[in-house]
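Taking it in order: structure first as structure tokens, then the write-up.
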Amino acid sequence: MLIAVFNQSTRITDKEALAMTQAVATQVRIDAAPIWDKAPAAVIYYGKVAPGKAKVPTHVPAEAHGITIVDAIPDQPKGVLGYHTEDQGGKIWGIVAASPSLDSGAQALTGDWSVASVLSHEVLEMFVDPNCNLWASDGSGKVYSVEVCDPVEAPTYVVNGVSVSNFVTPAWFDPLAAKNGKTHFDKCNQLKKPFSRLQAGYMVYASEGKETQDQGDLMPKWRLQSKSGWFSRTKRRLAQPGQF
């Protein structure tokens, strides 16, 4: 899997975009791929793209999926941070908005809620569940969406001096994993049981045909706005028929 990153933002420099892309590439290769037992995705920075071009430019390898960093996302509710979706040809592409984070006091490369952590979030969820269609049963009548970053959105951790998103492990989706006290449910070992979240986390689950969006008290309101976009993974999850 090749994930090509582009910068269309006026608020993120090429140097910053390159730094966050390289950090995420290292995160996928060293952390996420071994934990999820997947072949590493190549995450490569391809530089600036002209305004209005959100999809993969023609000079990028045909097999690449793309993520573009922009200031704000057109035709989406204000505050939406990012999403990825699939076009009719099966190509996965995504967008990360810098302004909602920066306008709320976050930094480009460091600290919780950074733009870099949003890029990390989108890349990791594209890497693990690119088609946004996986659910896991807790064995007790609930099914949880396979969103690897939402339950542990903060605190972040640092790779190459850049803050990246924490993420859950496959054990998080295993109702029997709690019997093993040494099991890690997330990369930073913050959670103690499956199907749980941090106070700055978020998750979607469904039971008996009814879906629930559950968020912690420490998740900023401006972050919750990022779940409301028409193309957001949350919206797509809740719109999927026959899952429950």
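The values are calculated or read from the model by the stated rules, or taken from the named source; none is laboratory data. Fair warning: this is a prediction, and the values are worked out from it, not measured in the lab. Every residue, glycine as well, gets a Cβ built from its backbone with ideal geometry; the counts of neighbours run over all protein chains shown.
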Matching residues, segment 141-152, being touching a helix residue (DSSP H, G or I) at 6+ places or on another chain (Cβ under 8 Å) and either more than 15 Å from residue 185 (Cβ to Cβ) or among the aliphatic types (A, V, I, L, M) (or both): 145, 146, 148
Kindly indicate which of 178, 136, 171 is buried (at least 17 other Cβ atoms within 10 Å of the Cβ), more than 14 Å from the chain's Cα centre (by Cα) and without any contact (Cβ under 8 Å) to a residue 24 or more places away in the chain. 171
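Do we find a residue being of a type in the set (A, V, I, L, M, F, W, C) and at pLDDT 75 or above anywhere in segment 206-220? Before you say what the answer is, go through the steps one by one.
First, pick out the residues of segment 206-220 that are of a type in the set (A, V, I, L, M, F, W, C): 206, 218-219.
In the following step, the residues that additionally are at pLDDT 75 or above were identified as 206.
Yes: segment 206-220 contains one or more residues that are of a type in the set (A, V, I, L, M, F, W, C) and at pLDDT 75 or above.
Suppose the filter is closer than 27 Å to residue 50 by Cα, outside any helix (DSSP H, G or I), at pLDDT below 90 and in contact with a Pro (Cβ under 6 Å, 6 or more places away or on another chain); does residue 79 pass it? Spell out how you get there, then give the answer.
Values: closer than 27 Å to residue 50 by Cα: yes; outside any helix (DSSP H, G or I): yes; at pLDDT below 90: yes; in contact with a Pro (Cβ under 6 Å, 6 or more places away or on another chain): yes.
In short, yes.
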Scan (1) over 23 Å from residue 212 (Cα atoms); (2) in contact with a Gly (Cβ under 6 Å, 6 or more places away or on another chain) for the single condition residue 122 breaks and write down its number. (1)
May I ask you to list the residues in segment 195-221 that are surrounded by fewer than 19 Cβ atoms within 10 Å (Cβ to Cβ), part of a loop (DSSP other than H, G, I, E, B) and charged (D, E, K, R)? 208, 217
Residue count, segment 156-188, condition out of contact with any strand residue (DSSP E or B) (no Cβ under 9 Å at 6 or more places or on another chain), assigned to a loop (DSSP other than H, G, I, E, B) and modelled with pLDDT of 95 or more, comes to 2
